[in-house]
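These notes are about the structure you will find just below.
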Amino acid sequence: MAAVAVPGLLRYLKTSRETAAIQTLRNIHNSQAQFQALRGRFATLKELSDDDLLEKSYSGGQPVNGYVYKDSDISADTYCVHADRTSDSTANRDFNITERGTVNYVESKTKGTVARGEGVPLATTGTGAEQPAGDQPPKAQ
């Protein structure tokens, strides 16, 4: 029984961590929009947390739900925030989001940072579940 249950549980945990990372990046994007509207530029994760637009745990480089968040390419017109797995077994994908608001991912057996301009954009199926672009959810029978 455990031989069947454990792999299913591990897949569930990986998917849950990925879903949390995607939602966090979308929340960060919304916070960036608020910061830019007030200050005329994008912010670092630390600046977002200092302005109470983001929980401090996301700006300190500490793991949150199996991912570490860091920023790059911060300017008046651009930003990139990365969600990197803490280990290869945490999940199957690493993510980023830029000022365009699209979450991109790279699926790999080994963790890594998704560089700005790289990765596959996520597509929403309309059911709330995230699917890689081009993938279709299973059809109901």
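The values are calculated or read from the model by the stated rules, or taken from the named source; none is laboratory data. For clarity, every value in this text was computed on a predicted model and none was experimentally measured. Positions of Cβ are generated from backbone atoms using ideal geometry, with glycine treated the same way; all protein chains shown enter the neighbour counts.
Quick look at the values:
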quantity: Segment 79-90, subset assigned to a loop (DSSP other than H, G, I, E, B) and touching a Ser or Thr at 6+ places or on another chain (Cβ under 7 Å), residue surrounded by the most Cβ atoms within 10 Å (Cβ to Cβ); calculated: Y79
quantity: Those residues of segment 54-76 which are part of a strand (DSSP E or B), touching a helix residue (DSSP H, G or I) at 6+ places or on another chain (Cβ under 8 Å) and more than 19 Å from G117 (Cβ to Cβ), in sequence order; calculated: V64, Y67
quantity: Residues that are without any contact (Cβ under 8 Å) to a residue 24 or more places away in the chain and within 11 Å of the chain's Cα centre (by Cα), drawn from segment 63-93; calculated: V68
quantity: Some residue of segment 99-111 being touching a Lys or Arg at 6+ places or on another chain (Cβ under 9 Å), surrounded by 16 or more Cβ atoms within 10 Å (Cβ to Cβ) and assigned to a loop (DSSP other than H, G, I, E, B); calculated: yes
quantity: Residue match in segment 9-30 (condition: modelled with pLDDT of 95 or more and more than 25 Å from N92 (Cβ to Cβ)); calculated: yes
quantity: Selection within segment 15-53 - in a helix (DSSP H, G or I) and acidic (D, E); calculated: E18, E47, D50
quantity: Criterion (at pLDDT below 95, more than 27 Å from G8 (Cα to Cα) and surrounded by fewer than 16 Cβ atoms within 10 Å (Cβ to Cβ)) met by exactly one of G61, G40; calculated: G61
quantity: Only one of A20, A5 that is surrounded by 15 or more Cβ atoms within 10 Å (Cβ to Cβ) and of a type in the set (A, V, I, L, M); calculated: A20
